[in-house]
Amino acid sequence: MCDAYTPAGEPIPTNKRYNAAKIFSHPDVAAEVPWYGIEQEYTLLQKDLKWPIGWPVGGYPGPQGPYYCGAGADKAFGRDVVDSHYKACLYAGINISGINGEVMPGQWEFQVGPSVGISAGR
């Protein structure tokens, strides 16, 4: 998502954006106007316990499935935090296009895009 360089000005080995920028700026690629969507998954933890929100303390939730897409007050753990995150992204000018609860209690996902080329939602 960002460029990183050595003090000598060389891209560090994990700077994937450097090579991606060369590819995206190639006229054949730029002429195609590629679109991308980025998604990021994360799990919310209880503050004092370092245990996922919605999980029984020291235990595990039921089977995956009923939590997907966060439908229902007894399935959407942390919705207030996720909604605040979504609004903060919009305020910051990030091209966030959606959020959804994932398959595990306290697990969420957000989507950025579609983005053209290397812009990554800016």
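Here is how the numbers come out for the structure above:
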quantity	calculated
Cβ-defined net charge surrounding Gln111, 13 Å radius [Lys, Arg +1; Asp, Glu -1]	-4
Residue with peak Gaussian network fluctuation, the chain [Cα springs, cutoff 10 Å], from Ile94, Ile38, Ile12	Ile12
Solvent-accessible area per residue for the range 10-103 (1.4 angstrom probe, square angstrom)	71 Å²
Top of Pro66, Pro105, Pro13 by mean-square fluctuation, Gaussian network on the chain, Cα under 10 Å	Pro13
Assigned charges on the beta-carbon of Lys, Arg, Asp, Glu; the chain dipole about Cα centre (debye)	180 debye
Percent RCO, i.e. relative contact order, over the chain, from Cα pairs under 8 Å lying at least 6 residues apart	30 percent
For the chain, built as a Gaussian network whose Cα springs stay under 10 Å, the top-fluctuating residue of Gly62, Gly78, Gly37	Gly62
Listed residues Gly98, Pro11, Gln46: farthest to the positive end of the dipole of the chain (Cβ charges)	Gln46
Cβ-defined net charge surrounding Asn100, 15 Å radius [Lys, Arg +1; Asp, Glu -1]	-3
Degrees separating the helix 16-25 axis from the principal Cα axis of the chain, which is the longest one	50 degrees
The chain, accessible surface, carbon-and-sulfur percent (1.4 angstrom probe)	61 percent
Angle between the chain longest axis and helix 79-91 axis [Cα atoms, degrees, rounded to 10]	20 degrees
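The values are calculated or read from the model by the stated rules, or taken from the named source; none is laboratory data. Treat the numbers as computed from the prediction; the structure is a model and nothing was measured. Here Cβ is always computed from backbone atoms with ideal geometry, including for glycine, and neighbour counts include all displayed protein chains. We work out accessible area using only protein heavy atoms, side chains counted, and drop any ligands, DNA or RNA first. Shrake-Rupley method; radii C 1.70, N 1.55, O 1.52, S 1.80 Å.
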